[in-house]
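Beneath this line is the structure, given in structure tokens, with notes to follow.
Nothing in this text is a laboratory measurement; each read-out follows from the coordinates by a stated rule. Quick caveat: nothing in here was measured; it's all calculated off a predicted structure. Methodologically, a virtual Cβ is constructed for each residue, glycine included, from the backbone with ideal geometry; neighbour enumeration extends over all protein chains shown.
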Amino acid sequence: MRYLVRLIDDATSWSWGRTTARYLMYSLVVPPKTQKSDGPEFDFRDFIIKCEDYGIPQSRHRVILLGVREDLSSSAIPTLVISQQQVPVAQVLRGLPRLRSGLSRTKDGRKEWREALSGIVSSAVPDGIPIGKAAKLRSDIAWTLGRIRDARADRGGEFVTCKPTRHSAEVSPFGRPRACKPSPIPNIAALK
């Protein structure tokens, strides 16, 4: 947190050449505790945005500082509105094709991906967990690998045809319809 405090201190004044512009920092989560002569007063925790509280389907926290130049500052800086309901990730992903993760710094294909996952079973990675549980973890990983089906869309990036499901007609939490859509790039060979 000391980095956040230093960031706020550093961000309140910025100089370009001879001119120094002074900025007042505002939170997007709460209004200032008090308004002092040198600007609004916040606790450093006031700049932490808990995404899940604002309708974003992830449990990640972000730090966002809203800097307003002092001569343009206003005491009426709006704050974010807390969402009435949290949006589960499963609800957003429903109806999308399954994808697999990718491999870095090596050839990346379905076969290589499966080999990399299988390598975890024989590696020392499970040995780092509490005594007596490594064997169970290895067994669980092997069982899971036996059940994983190849993702039809592999890693994504290409158009994937899909069959509409009962969820396809629903609207996502972001207002987009979930129906399968045709490829945005026409198949020229099919048109001939």
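Numbers for the structure displayed
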item: Arg98 versus Arg152: modelled label distance in nm, points set 7 Å from Cα along the beta carbon direction; result: 1.1
item: Förster-model FRET efficiency, 35 Å R0, Ala90 and Ser37, C-beta, rounded to 0.05; result: 0.10
